[in-house]
Amino acid sequence: MANGDEDGVVHDLFSLLSSEDRNFLVRNNADQVDISSLSGKIVGLYFSGSWCGPCRRFTPSLVEVYQDLASKGDFEVVFISSDRDDKSFSGYFSEMPWLAIPFSDLEARKRLKELFKVRGIPNLVIIDANGKVSTDQGTRVVMEHGVDGYPFTAENINFLKEQEAAAKENQSLSSLLVSRSRDYLISKEGSKVPVSELEGKMVGLYFSLHTHKPCKDFTQALLKFHEKLKEKGENFEIVLISLDYEEEHFKEGFQAPWLALPFKAKSCEKLARHFELENVPTLVIIGQDGKTLRPNAVELIEEYGIEAYPFTAEKIAELAEISKAKLEEQTLESLLVAGDRNFVIEKTGSKVPVSELAGKHIMLYFSAHWCPPCRAFMPKLIKAYNQIKAKDSAFEIIFISSDRDHSSFKEFFLTMPWLALPLGDPRKALVQRKFKIQPPIYPISIGPTQARQLIQAYGADAYPFTEEHLKHLEEKLEEEAKGWPEKVKSELHAEHELTRVLHHEYVCWCREPGSGWSFYCKECDFHLHPRCALSNKEGTKADAPNAMEGYICDGDVCRKI
C-alpha cells in the first residue's frame, strides 16, 4: 500500500529520519539511539503536539498499544513534534516510551510533515518492515482496533472490518459486553457482575459523557424511568457505556443503581462504532434475544416516560397515534399554561394572560444573548416582525431565553418588540421537549414549522408559513432563476466550477449574507451571490483582496481554515 502519494515508494529509514549531522533518535531520558537499529521493524511516525487536545487524548491509547506490542520487538514509534518550544516538547515527550526526532532538528521535522502531507494532528503513518507505507490512517486504526490492528496492514484491517460486520449480524449480549479479558460488568459499589446474569433480560446500553450537560439532564430522567420500572417488577437493566476521558467524571456519572463497563474499557469505543454512535446521550435498547430493538430511546423516554416501555414497534405506533391526536387538539393554553403560570411578559415586566393570545399566529423564539448567531439574526427577525405586524396584527412572537443570568436576559429582551417567557420559567423545558428543540437559536411557529430558515430566506414574505404559501415562494424562486446557467466558472473562485443551488442562508465571498439562490462549491463550502457570479464574471480575486481570506486551496482540495 502506498504512502498516500500512490507511488508505492520504498523508504530507507536511515535517509528518512537522519539529517546531515545526525544519525540518531532520542529517548525522553536524552539517550541517543542509532537509526540503523530500526532496520526491519514496523515503524509508526507519530505527528503530534502538546497543545493539541485530540493529541493528548490519543497518546495514552498509542502508549497502551506500544506497550502491548513491546514483547514482539519489531514495532517502534518515532515522535515528530509540532510543539513551539523545547519545554513543551520535553514535557509532552516525557509521557512517551518511544523515540523522537530531536526538537532542535526543525528542518527534519518540517521535511517529514511535507513528505507525508500531514494536514492535521494527531497523525500516525505506519511504515512496514520493507519501508513501504502500510497506512497513513494509523490514528484511526489504533482508535478503532487497538492492538488488534497490528501489524497494521490493509489485509489485517479488512479482516477486522469483516469480523465487525459478522459480529453485527450475529449480535448477542455476550458478543457486545464480553471481551477476551473480561466477562463481567461492575456495580457502582465496585463489585463484579457476570454478563451472563443479564441474559434473557431487556437491556439499555447508555452511552454518556458526564461533562456534557444534555447527558447530565437525561441521566436524571433515566433514573426516574428505571425506578418506576423496578417498582412495577419489570426485568429491565441499564449498562452505562461511559465515554468520559477522566476517571473522576466517570465516577461522578456512575452514581445510579445500574451496571457499567469499567472505566476506559476498550469495549466502549468498540460499541460506539458498532452502533454507529452519532451523539450522546444515546440509549440503545437490546431485546431479550440480544438483538437491537431500538437504536436510540432517549427521545421516547423524554417524551413518554414509562409509557414508552417495552419499546416495541407496536408500542411506538400506539404512542405516535396518541401524540398525533394531542397535536390536533393542541391549543395555546394547553402548550403555555402550567398551573398558575398562565402568562407571558412584556419588556416592562407586565404580565399578559395567555388567553389574550388565543387565536393569534404565535412564533416561539428560542435564543440567547451569549449566542453570536442569535444576535446576528435579531435585526432580520425584528424587521420581519414589524412588517408582518403591519399586515396582520394577529401575529406575535414569544422569546424563550437560554441566557444564564437575569441581566443578560433583560439586556437582550429590551432590544425586542415582542413578548417573552420569564427567565428560568419551567414551561421552557416542557415546550423544548414538545418540539424537540435544541437551543439557543430556533424560531418556530406553532404548528410546528421551523421558521428561522424561512425568515432568513424570505423575510416577512415567508408569513404565514403555510405549506401552500411556501410552495408559492418556491415557485417564485424557480421563476427568478429561469435563464441562469446550472454551472459557472468564476475568476473569484477559479479552482472549481460553481453549481447553482438553493441555500436558505449563506455568506458570499463579498462578505454579505445571502439567501435563496447561490452559486456554490461544495468542496470548499464557497458561495457567490447570483449577482456576484453572473454580473461580475470578469471580476478577479485581485478585485477583492479579502474575498478568499479564511480559505486554503491546495491543488484540488480547498477548505476553510
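Looking only at residues in the range 350-368 that are modelled with pLDDT under 90, closer than 19 Å to Ser407 by Cα and not aromatic (Phe, Trp, Tyr), the one that is surrounded by the fewest Cβ atoms within 10 Å (Cβ to Cβ) is Ala368. Within the range 177-188, restricting attention to residues that are free of Cβ contacts under 8 Å to residues at least 24 places away in the same chain and not hydrophobic (A, V, I, L, M, F, W, C), the residue that is surrounded by the most Cβ atoms within 10 Å (Cβ to Cβ) is Tyr184.
Do we find a residue being surrounded by 16 or more Cβ atoms within 10 Å (Cβ to Cβ), of a type in the set (A, V, I, L, M, F, W, C) and closer than 18 Å to Ser350 by Cα anywhere in the range 385-397? Checked against the condition, which is being surrounded by 16 or more Cβ atoms within 10 Å (Cβ to Cβ), of a type in the set (A, V, I, L, M, F, W, C) and closer than 18 Å to Ser350 by Cα, the range 385-397 yields at least one hit. Considering the range 321-347 alone, what residues qualify as being open to solvent by less than 50 Å² (accessible area, probe 1.4 Å) and either of a type in the set (Asp, Glu) or in a helix (DSSP H, G or I) (or both)? Passing the criteria: Ser323, Ala325, Leu332, Leu335, Leu336.
Residues in the range 391-409 that are out of contact with any Leu (no Cβ under 8 Å at 6 or more places or on another chain) and part of a helix (DSSP H, G or I): Lys391, Ser407, Ser408. Evaluation of Glu321 against the conditions (1) closer than 26 Å to Pro464 by Cα; (2) free of Cβ contacts under 8 Å to residues at least 12 places away in the same chain shows that the sole unmet condition is (1).
Among the residues of the range 148-182, just one is touching a Phe, Trp or Tyr at 6+ places or on another chain (Cβ under 8 Å) and hydroxyl-bearing (Ser, Thr, Tyr), namely Tyr150. Give the range 509-522 a look and list any residue that's under 17 Å from Lys489 (Cβ atoms), in contact (Cβ under 8 Å) with a residue 24 or more places away in the chain and part of a loop (DSSP other than H, G, I, E, B), or say none. Listed by number, the list holds a single entry, Trp509.
In summary, Ser39 fulfils each of the numbered conditions (1) under 27 Å from Arg140 (Cβ atoms); (2) in contact with a Leu (Cβ under 8 Å, 6 or more places away or on another chain) with the single exception of condition (1). Considering only residues that are under 26 Å from the mean Cα position of the chain (by Cα) and among the hydrophobic types (A, V, I, L, M, F, W, C), look in the range 477-523 and name the one that is farthest from Met378 (Cα to Cα). Applying the filter and picking the extreme gives Cys521.
Looking across the range 402-427 at every residue that is crowded, with 19+ Cβ neighbours inside 10 Å and farther than 19 Å from Ser350 by Cα, the one that is nearest to the chain's Cα centre (by Cα) is identified as Ser402. Listed by first and then second residue, the pairs with beta-carbon distance under 9 Å, at least 6 apart or on different chains, first residue in the range 197-215 and free of Cβ contacts under 8 Å to residues at least 24 places away in the same chain, second among the aliphatic types (A, V, I, L, M), are Glu197/Leu185. Would the range 397-412 turn up any residue that is at pLDDT below 85, among the aliphatic types (A, V, I, L, M) and under 30 Å from Val298 (Cβ atoms)? Looking for residues that are at pLDDT below 85, among the aliphatic types (A, V, I, L, M) and under 30 Å from Val298 (Cβ atoms), one finds none in the range 397-412, hence no.
Among the residues that make up the range 468-481, is at least one of them closer than 28 Å to Ala358 by Cα, in a helix (DSSP H, G or I), acidic (Asp, Glu) and modelled with pLDDT of 75 or more? Yes; the residues of the range 468-481 include at least one that is closer than 28 Å to Ala358 by Cα, in a helix (DSSP H, G or I), acidic (Asp, Glu) and modelled with pLDDT of 75 or more. Of the residues making up the range 524-538, those that are under 23 Å from Lys380 (Cα atoms) and over 25 Å from the mean Cα position of the chain (by Cα) are Leu528, His529, Pro530, Arg531, Cys532.
If you go through the range 52-67 one residue at a time, do you hit one that is closer than 19 Å to Asn156 by Cα and basic (Lys, Arg)? For the range 52-67, residues closer than 19 Å to Asn156 by Cα and basic (Lys, Arg): absent.
The values are calculated or read from the model by the stated rules, or taken from the named source; none is laboratory data. This is a predicted model, so every value here is computed, not measured. Using ideal geometry, Cβ is built from the backbone for each residue, glycine included, and neighbour counts are taken over all protein chains shown. To get the accessible areas, we keep the full protein, side chains included, count just its heavy atoms, and leave off ligands, DNA and RNA. Shrake-Rupley method; radii C 1.70, N 1.55, O 1.52, S 1.80 Å.
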